[in-house]
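The values are calculated or read from the model by the stated rules, or taken from the named source; none is laboratory data. For clarity, every value in this text was computed on a predicted model and none was experimentally measured. Quick reminder, even Gly has a Cβ in these numbers, built from the backbone with ideal geometry, and neighbours come from all protein chains shown.
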Amino acid sequence: MINIINITLVLVFLAACSGEKKPDTAMTVVEFSSPADSLTAEPHLFTDSWGNVLLSWIEKQKDTSRFWFSRLSGTTWSTPTLIAKGSTWFVNWADYPMISSDGGANYVAHLLEKSGKSTYAYDVKVYLSNDSGKTWKSPFVLHDDGKQAEHGFVTLIPYGEKIFVSWLDGRNTAMEGMENMDHSGHHGAMSLRAAVIDYQGNKSGEWELDNKTCDCCQTTAAITDDGPIVIYRDRTDAEIRDLSIVRYVNGQWTAPKPVHSDNWKIAGCPVNGPRVSVSANRVAIAWFTGATEPAHVNVVFSEDGGATFGEAMTIDEGQANGRVDIEWIDEHRCVVSWMEGALIKAAIVHSDGEREGVVTVATSSEARSSGFPQMTRSGNLLVFAWTDDVAKRVKVASISI
């Protein structure tokens, strides 16, 4: 049964740069049937170039995990299709598998598989399909370092006729004879890497983009008119862990550059990565920071592909715990989602600094097992997915824009 929650957004504040009040926007949250059964978690949403929405998730049954996906048509999901199953995967609440598509018959997905005895020894396995996900080829390892170390926090996005992928790579953290190493035994730093692969599994380029990053915050990437950009949580020798951006411009990667100086000094990874949305060369980034008390969710905009950014704006209500997402809905507005305590929130944010109030999408949980809520846009529809920590299953909802 469809559960309809009518919520009218109320204008909460005007930024100093905005002289006129814009009309309030009414949004209706509609929870509808999910394709995911019980004992499911780690959802991921993706919209291809034709507006097709894909949802992937993990099902856990005893000692075996199954990786599923489904396509959305209206408010009806297709019968779930199995991508893979296994008993040696690394299944993590924050480092979730992903699926992506070129808008045609070519699909790509990834998951993490153990490579050694250490808790954090696992590889990124990439799965490809050339028949719209009906069948999947045998997976291959994305990276070729051969180290029993941590590799994960992947982003997969279409890039022309190929796939752009970024990930965090622990090859420099591995020590010979330290097979039982955990995070406390790291001897080198995590690095950020990227590559381009085709839908047959051939790699045509790979780069190290930053040789010292935060250990376990998600990466995020997008394709601007100028080329790919990657945003991630960086790490200085003084343990400042703010966001940085690298851009592929005229065939070269730029040096890492701060997105915004929060000056968050923290001696461990907050496990709370950024999300980016791009429209032509307009870039919008949402992220969580604990540099101040209370912590906040911030948003910043760029009009030049991420070369420069405007002033950051805070959009939460004072009890933010991050787990953000962001989507452009027109030339000047984005919808941002985040968690405020146990509630999944969303708001419309204008690039001139205005926020149009806050809507509650769903009630979840602050526990790690509730994972990271997902949001994607297809036409005038925003689709949300999250893990209901009580029901132990993935749920979905939508908002018409």
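I'm checking my understanding of the structure. Among residues of the range 41-80 that are hydroxyl-bearing (Ser, Thr, Tyr) and surrounded by 15 or more Cβ atoms within 10 Å (Cβ to Cβ), which one is nearest to LYS114 (Cα to Cα)? Quick ask: steps written out before the conclusion?
First, pick out the residues of the range 41-80 that are hydroxyl-bearing (Ser, Thr, Tyr): 47, 49, 56, 64-65, 70, 73, 75-76, 78-79.
Subset that is surrounded by 15 or more Cβ atoms within 10 Å (Cβ to Cβ): 47, 56, 65, 70.
Values: THR47: 29, SER56: 20, SER65: 13, SER70: 26 Å.
The qualifying residue nearest to LYS114 (Cα to Cα) is SER65.
When the criteria are applied in full, GLY310 meets the requirement of being at pLDDT 95 or above and surrounded by fewer than 20 Cβ atoms within 10 Å (Cβ to Cβ). Every condition in (1) surrounded by fewer than 21 Cβ atoms within 10 Å (Cβ to Cβ); (2) modelled with pLDDT of 95 or more is met by ILE83 except one, and the failing one is (1).
The set of residues from the range 144-154 being surrounded by 24 or more Cβ atoms within 10 Å (Cβ to Cβ) and within 11 Å of the chain's Cα centre (by Cα) comprises just one member, PHE153. Among the residues examined, GLU340 does not qualify as at pLDDT below 95, of a type outside the set (Gly, Ala, Ser) and crowded, with 17+ Cβ neighbours inside 10 Å.
What are the residues in the range 203-222 that are among the β-branched types (Val, Ile, Thr) and outside any loop (DSSP other than H, G, I, E, B), if any?
THR213, THR220
Within the range 304-318, identify whether any single residue is touching a residue at least 24 places away in the same chain (Cβ under 8 Å), hydrophobic (A, V, I, L, M, F, W, C), more than 16 Å from LEU243 (Cβ to Cβ) and in contact with a strand residue (DSSP E or B) (Cβ under 9 Å, 6 or more places away or on another chain), and answer yes or no. No, there is no match, as no residue in the range 304-318 is touching a residue at least 24 places away in the same chain (Cβ under 8 Å), hydrophobic (A, V, I, L, M, F, W, C), more than 16 Å from LEU243 (Cβ to Cβ) and in contact with a strand residue (DSSP E or B) (Cβ under 9 Å, 6 or more places away or on another chain).
Criterion first (crowded, with 23+ Cβ neighbours inside 10 Å and either part of a strand (DSSP E or B) or of a type in the set (Asp, Glu) (or both)) does VAL300 satisfy it? Show your work before the answer.
Values: crowded, with 23+ Cβ neighbours inside 10 Å: no; either part of a strand (DSSP E or B) or of a type in the set (Asp, Glu) (or both): yes.
For VAL300, the condition - crowded, with 23+ Cβ neighbours inside 10 Å and either part of a strand (DSSP E or B) or of a type in the set (Asp, Glu) (or both) - is not met.
Restricted to the range 250-275, and to residues there that are in a strand (DSSP E or B) and in contact (Cβ under 8 Å) with a residue 24 or more places away in the chain, the residue that is farthest from ASP325 (Cα to Cα) is TRP253. When the criteria are applied in full, ILE266 meets the requirement of being at pLDDT 95 or above, within 23 Å of the chain's Cα centre (by Cα) and over 30 Å from ASN281 (Cβ atoms).
Please state which one of ARG282, ARG233 is surrounded by 24 or more Cβ atoms within 10 Å (Cβ to Cβ) and either at positive phi or not β-branched (Val, Ile, Thr) (or both).
ARG233
Here TYR96 qualifies as buried (at least 18 other Cβ atoms within 10 Å of the Cβ) and touching an Asp or Glu at 6+ places or on another chain (Cβ under 6 Å). No other residue among SER56, SER73, SER34 is at pLDDT 95 or above, out of contact with any helix residue (DSSP H, G or I) (no Cβ under 9 Å at 6 or more places or on another chain), of a type outside the set (D, E, K, R) and farther than 19 Å from VAL154 by Cβ apart from SER34.
Can you tell me which residue within the range 130-143, out of those that are within 22 Å of TRP57 (Cα to Cα) and touching a residue at least 40 places away in the same chain (Cβ under 8 Å), is surrounded by the fewest Cβ atoms within 10 Å (Cβ to Cβ)?
Let us first name the residues in the range 130-143 that are within 22 Å of TRP57 (Cα to Cα), namely 130-142.
Next, only the ones that are touching a residue at least 40 places away in the same chain (Cβ under 8 Å) stay: 130, 133-134, 136-137, 139-140, 142.
Numbers: ASN130: 15, GLY133: 24, LYS134: 10, TRP136: 19, LYS137: 13, PRO139: 20, PHE140: 16, LEU142: 22.
Among them, the one singled out is LYS134.
Looking only at residues of the range 239-252 that are surrounded by fewer than 18 Cβ atoms within 10 Å (Cβ to Cβ) and in contact with a Lys or Arg (Cβ under 7 Å, 6 or more places away or on another chain), we find that the one that is farthest from THR308 (Cα to Cα) is GLU239.
So if I check each of SER56, SER70, which one is assigned to a strand (DSSP E or B), among the polar types (S, T, N, Q) and within 15 Å of LEU128 (Cβ to Cβ)? Break it down into steps so the answer makes sense when it comes.
Details: SER70 fails: within 15 Å of LEU128 (Cβ to Cβ).
So the residue among SER56, SER70 that is assigned to a strand (DSSP E or B), among the polar types (S, T, N, Q) and within 15 Å of LEU128 (Cβ to Cβ) is SER56.
To keep it simple, each residue is scored yes or no on (1) within 22 Å of THR155 (Cβ to Cβ); (2) charged (D, E, K, R); (3) part of a strand (DSSP E or B).
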{"residue": "THR308", "(1), (2), (3)": "no, no, no"}
{"residue": "ARG323", "(1), (2), (3)": "yes, yes, yes"}
{"residue": "SER337", "(1), (2), (3)": "yes, no, yes"}
{"residue": "GLY353", "(1), (2), (3)": "no, no, no"}
{"residue": "GLY357", "(1), (2), (3)": "no, no, no"}
{"residue": "GLU366", "(1), (2), (3)": "no, yes, no"}
{"residue": "TRP386", "(1), (2), (3)": "yes, no, yes"}
{"residue": "VAL390", "(1), (2), (3)": "no, no, no"}
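Quick one: is SER400 over 18 Å from the mean Cα position of the chain (by Cα), among the polar types (S, T, N, Q) and closer than 30 Å to THR308 by Cα? So SER400 does not fit the description; no.
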